[in-house]
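Working notes, structure below.
The values are calculated or read from the model by the stated rules, or taken from the named source; none is laboratory data. This one's a predicted model, so the numbers in the text were calculated from it and none came from an experiment. Note that we place each Cβ from the backbone using ideal geometry, even for glycine, and neighbour counts take in every protein chain shown. Just so you know, the surface numbers come from the protein's heavy atoms only, side chains and all, with ligands and any DNA or RNA stripped out. Shrake-Rupley method; radii C 1.70, N 1.55, O 1.52, S 1.80 Å.
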Amino acid sequence: QRPDGSGRTAAAWLGMSMVFAIPMTDGQPHDVAFYALDWDDLGRAQRFEVINANTGQVLATHTISGFRDGVYVVFRLSGNVLVRVSSTVTSPPNTTAVVSGIFFGVH
């Protein structure tokens, strides 16, 4: 929401590939949701990979496409993990991945 009440601002992380470090230090699993919105609707598709930060092992993957209306990708995470988000589109017009928000669940 804009401070003057004139509307909202859309913001996002963009890149061919992005890595988010998610260190869970309490030893408990937590739901972590990544919100993705393909605002310009130009055929964006992307893969989320949960990676053990200590070993490099891929623990989970999820691929999305056709998310013009926005989509939440939710993982139950614990320990020291990385989440890599990569575009799966190799030709223009839209070869970047996008993440518009990250939300942490509290139990």
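In the stretch 57-86, how many are open to solvent by 50 Å² or more (accessible area, probe 1.4 Å), touching a residue at least 40 places away in the same chain (Cβ under 8 Å) and closer than 13 Å to Ala97 by Cα?
Total satisfying the criteria: 1.
Could you say whether any residue in the stretch 65-85 is under 11 Å from the mean Cα position of the chain (by Cα) and within 14 Å of Leu14 (Cα to Cα)?
yes
Quickly run through the stretch 1-56 and pick out the residues that are over 18 Å from Ser100 (Cβ atoms) and in a strand (DSSP E or B).
Result: Ala21, Pro23, His30, Glu49, Val50, Ile51, Asn52.
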